[in-house]
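What follows is a single structure, written as structure tokens, with notes after it.
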Amino acid sequence: MTEVTLTPGEKAHLVELLSAYVAEELDFELGRFEAEFLLDHLARYMAPVFYNRGLLDARALLEKKMDDYTEALYALEQKPGPR
């Protein structure tokens, strides 16, 4: 399984979001270490699900575009002239 790699800025932003959510919704303050640990855990087990969903969405878009291209190619076909 490929691990999700976040830039330090992305990780800091997500830690802030996670900490704010837990504080607001659960009325519990997470320290930076705990928030980073929770983020790492969520990323390890949940990121593949979201990644796979993204792949499915990308695949559906690509298939639609390929259908469009196929139709465009058929439209370019020429009929032989009368004899």
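Before moving on, here are some points about what is shown:
- Modelled FRET efficiency - R0 30 Å, Leu61 with Glu34, Cβ distances, 0.05 increments: 0.20
- Given (1) 37, 23, 22; (2) 75, 21, 16; (3) 84, 28, 20, the label whose value is Cα extents along the principal axes in Å derived from this model: (3)
- Solvent-accessible area of the chain (1.4 angstrom probe, protein heavy atoms only): carbon and sulfur portion equals 60 percent.
- Backbone geometry of the stretch 50-64 corresponds, through the Karplus equation with coefficients 6.51, -1.76 and 1.60 at θ = phi - 60°, to 3J(HN,Hα) couplings of 5, 4, 5, 5, x, 5, 4, 5, 5, 4, 5, 5, 4, 4, 5 Hz, x marking Gly and Pro.
- Contour minus Cα-Cα distance for Tyr69 and Leu17 (0.36 nm per residue): 14.6 nm
- Within the chain, longest stretch clear of exposed GluC sites (Glu not before Pro) (DSSP loop, no more than 10 other Cβ within 10 Å): 30-76
- For the chain: accessible area per residue (Å², 1.4 Å): 93
- Accessible-area value, Leu62, 1.4 Å probe, nucleic acids and ligands omitted, Å²: 110
- Relative contact order, percent, the chain [alpha-carbon distance under 8 Å, six or more residues apart]: 23
The values are calculated or read from the model by the stated rules, or taken from the named source; none is laboratory data. Everything quoted here is computed from the prediction, not taken from an experiment. A quick note on method: Cβ atoms are made from the backbone with ideal geometry, for glycine too, and the neighbour counts reach across all protein chains shown. Note: areas computed on protein heavy atoms with side chains; ligands, DNA, RNA excluded. Shrake-Rupley method; radii C 1.70, N 1.55, O 1.52, S 1.80 Å.
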